[in-house]
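See structure below.
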Amino acid sequence: MKASVIALAVLWTGALFAQAPPSPVPAAHIDRLATLLDLSDAQKTQVQAILQDEHARMHASFDQAKASGTKPDWAQMQALHAQIQQETLQKLAPVLSEAQLKKFQTLQEMHGEMMHGHFGHGGPPAGATPPALQN
């Protein structure tokens, strides 16, 4: 079960962030997240709105930094990204159960690792087995 959830998470996060900005979060990605978190229809609608807002805020901050004509400072952009993610978690807390919120946070952490850490830029380190393949 855990390996299948991780595999779905990898597919969900990889597909979500492989798209070109600033398109909204596609319905197919929300559907996958709804499956992973076992969301009710009401939760799905609320989560979609919250994630659309997060997505729009991320792109707006990137566009604003780009429009300033100066190269955005990596640390500042990372701090803003972390702040927006934290605000998203606060908005999700009353919508999701404790277990669902914990799963969401795990998915978010996995996405961060894939994009910026262990599995970003070229795949896993030599000799490592990606989590989706571990039992």
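Restricted to the range 18-45, and to residues there that are surrounded by 14 or more Cβ atoms within 10 Å (Cβ to Cβ) and touching a His at 6+ places or on another chain (Cβ under 8 Å), the residue that is modelled with the lowest pLDDT is P24. The set of residues in the range 46-80 that are of a type outside the set (D, E), modelled with pLDDT of 85 or more and surrounded by 16 or more Cβ atoms within 10 Å (Cβ to Cβ) comprises Q46, V47, Q48, I50, L51, H55, R57, M58, L80.
Here F119 fulfils each of the conditions (1) under 14 Å from the mean Cα position of the chain (by Cα); (2) over 18 Å from P24 (Cα atoms); (3) modelled with pLDDT under 90; (4) buried (at least 16 other Cβ atoms within 10 Å of the Cβ) apart from (1).
The values are calculated or read from the model by the stated rules, or taken from the named source; none is laboratory data. Predicted model only: the values in this text are computed from it and were never measured. All Cβ positions, even for glycine, are placed from backbone atoms using ideal geometry, and neighbour counts span all protein chains on display.
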